[in-house]
Amino acid sequence: MKVLTGFVFTFFVLIHSAIAQSPSAAASPRQGWGEFKVVERSTHRPWWNEALMWFPNRIMDALDMFRVDVGVGGAAGAVVRVTRRGQVGLRRMFPGSLRVGYFGRKAPFIIEKYDEIGMGSTFKSSPERDICAGEIGIGADLLIGGYAGICLEEVLDFTAGLFLIDVMQDDK
């Protein structure tokens, strides 16, 4: 078997070296395809699509204004938010809290595992929770807790959306 394997290996080495030493293939006599241009698809939607989606988009924008959740689990503390730069509080997670509620256009639950601590620009918020820049809210926990807030830029998006202006670019 070793002799056969050695013979096959030698055969392939010889064939490979013969092919490698042969002259390169001649270039094709045909013209190339030329330059390709990237064509961007239009993102413009027809007017009737905008008209049909106006009401559902306003409902979604109205819901986007609110941040509400309740939670249960190892969490204790409180937080107050008056915009992203005006947050203050201390919420400890040990080991975490299962939160159910409305978090914008995301899943209706999160498992919050990280502490929220600090004041002002040094406030460290939980990465599981999206805080909008203009959020005003309050929350407290002691094994069972809750949070309620309103997002001011989503209020602006809802109001402008009544006049067909999509500030947050979230209309479908």
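The tail of the calculated P(r) for the stretch 116-172, taken as Cα-Cα distances beyond 14 Å, holds 67 percent of the pairs. Excluding Cys151 itself, what net charge comes from residues whose Cβ is under 11 Å from its Cβ, given Lys and Arg +1 and Asp and Glu -1? My count for the surroundings of Cys151 gives -4. Maximal additional length on extending the Ala76-Val167 stretch stands at 29.1 nm, based on 0.36 nm per residue less the C-alpha distance.
Each semi-axis of the equivalent ellipsoid for the stretch 67-161 is √(5λ) with λ an eigenvalue of the Cα gyration tensor; in descending order they amount to 22, 16, 10 Å.
Any read-out appearing in this document is the output of simple, stated calculations on the displayed coordinates, not a laboratory observation. What you see is a predicted model; the values in this text were computed from it and never measured. With ideal geometry, Cβ positions are generated from the backbone for all residues, glycine too; neighbour counts draw on all protein chains shown.
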